[in-house]
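Input: a single structure, listed below in structure tokens.
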Ligand SMILES: Nc1ncnc2c1ncn2[C@@H]1O[C@H](COP(=O)(O)OP(=O)(O)OP(=O)(O)O)[C@@H](O)[C@H]1O
């Protein structure tokens, strides 16, 4: 358990909507091409007139994203437009002065770009794992976005992050969803969407375009994120693969993209399966089915887990398969067991009941 104490959030405000003094985009430079790539991934017309919270670590990727969104908005939309951009930074406090330096850097950048800055400090244990840090960050960004009525939280994940994630999932064990990589958009609640508009842009390009406009960023002195397996993938495995297969990264990105397309077909079949097999919502009971392919039933089960907010981290393909077998089994098979995360499964005569009572009771 890590020990975290939140300090009072410091909020620095500026007049909204933003009014930038940056030069107009010319189509012949690399920075302009970068902005165009972002606007192709996430059209300004979709976000320019609503609130966007940009999660900014001070690293190259999120600095480039913040600056590009500010420029796109100011050059592509009329002044009267009511949207706004806010830069948000969570100081995890695990790298001492360097963490404070990152926070100060993002505050200055927000100031230069003329956008609001939201921040919070966390007094963290340096041994806190990367997953927990990510969860704290997401909860901070989500809370801030909800508080100020933003419609989007934007993050600076790149094509490299996507490939590293796919490989990490593959080695750890995953199903089709894990091989589809990082989702470009994901719902964070009723009126809030998480978006990642830089998934087709590489880390190398981001640094080149920032250099081309003289935009500084903060470099993590350790050049490592906290997960040693991801560092190994980033610093050792991928360079080795590239030395034998120069186009491997593009090939992996294409494979993940097509996996994502297949995934969306399966998701709509899974939606349809749920409509036909949901017997009751409370308790959640699913009818027996011996004829539908496992990939569709498992996708439907994963959707249910996500919607219900049930823990999924410890659920492996073996667990999903076990659930599928129960749904697929003959109607006289009566059985009871528990999934990791605390969901009880009861195989009754007409179907399978999923019960979260034990989960709600656990501290
Ligand atoms: N401390 C933070 N506060 C707010 N947002 C953050 C913070 N750290 C990361 N993010 C957001 O999450 C995204 C992914 O995080 P990740 O740890 O992969 O990024 P990073 O390598 O630290 O920084 P960057 O992506 O900015 O170069 C970042 O691009 C950024 O949008």
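Please treat every number below as a calculation from the coordinates, not as lab data. Treat the numbers as computed from the prediction; the structure is a model and nothing was measured. FYI the Cβ positions are ideal-geometry reconstructions off the backbone, even for glycines, and counts take in every protein chain you see.
Ranking of 164, 285, 208 by neighbouring Cβ atoms within 10 Å, starting from the fewest: 208, 285, 164. For the pair residue 97 and residue 188 in one chain, pulling the backbone fully straight at 0.36 nm per residue adds 29.5 nm over the alpha carbon distance. Derived value for the range 274-319: Kirkwood hydrodynamic radius 11.6 Å. Basis is the mean of 1/r over every pair of different alpha-carbon atoms.
Taking 7 Å steps out from each Cα toward its Cβ at residue 290 and residue 336 produces label points 2.6 nm apart.
Helix-only arithmetic for the chain: the sum of -39500 (n - 2.57) across DSSP H runs with n ≥ 4, divided by the residue total, places the mean residue ellipticity at 222 nm at -14500 deg cm²/dmol. What translational diffusion coefficient, to the nearest whole µm²/s, does the chain have by Stokes-Einstein, given a Kirkwood radius computed over alpha-carbon pairs, a temperature of 4 °C and 1.567 mPa s viscosity? Stokes-Einstein gives a translational diffusion coefficient of 57 µm²/s.
Applying 1/(1 + (r/R0)^6) with R0 = 25 Å to the Cβ-Cβ distance of residue 348 and residue 314 gives a FRET efficiency near 0.50. With a Förster radius of 41 Å applied to the C-beta separation of residue 104 and residue 129, the computed FRET efficiency comes to 0.95. Helix 317-328 against the longest principal axis of the chain: what's the angle in degrees, Cα atoms only, rounded to the nearest 10? Taking Cα atoms only, the helix is inclined about 40 degrees.
The convex hull drawn around the Cα atoms of the range 240-315, when projected onto a plane and averaged over every direction, covers 7.3 nm². First measure r as the distance between the Cβ atoms of residue 271 and residue 111, then evaluate 1/(1 + (r/R0)^6) with R0 = 51 Å and state the FRET efficiency to the nearest 0.05. The calculated FRET efficiency here is 0.65.
Our estimate of slack between residue 40 and residue 278, defined as 0.36 nm per intervening residue step minus the Cα-Cα distance, is 81.8 nm. Whole-percent P(r), the range 150-263, all Cα pairs, 5 Å bins from 0: 2, 10, 16, 21, 21, 16, 9, 3, 1, 0. Across all Cα pairs in the range 262-361, the calculated P(r) in 5 Å bins from zero up to the longest distance comes to 2, 13, 26, 28, 20, 8, 2, 0 percent per bin.
Name the residue, out of 235, 157, 169, whose mean-square fluctuation peaks in a Gaussian network model built on the chain with Cα pairs under 10 Å. Top of the fluctuation ranking is 235. For the range 262-361, averaging the sequence separation of C-alpha pairs within contact (under 8 Å, six or more residues apart) and dividing by the residue count gives a relative contact order of 26 percent.
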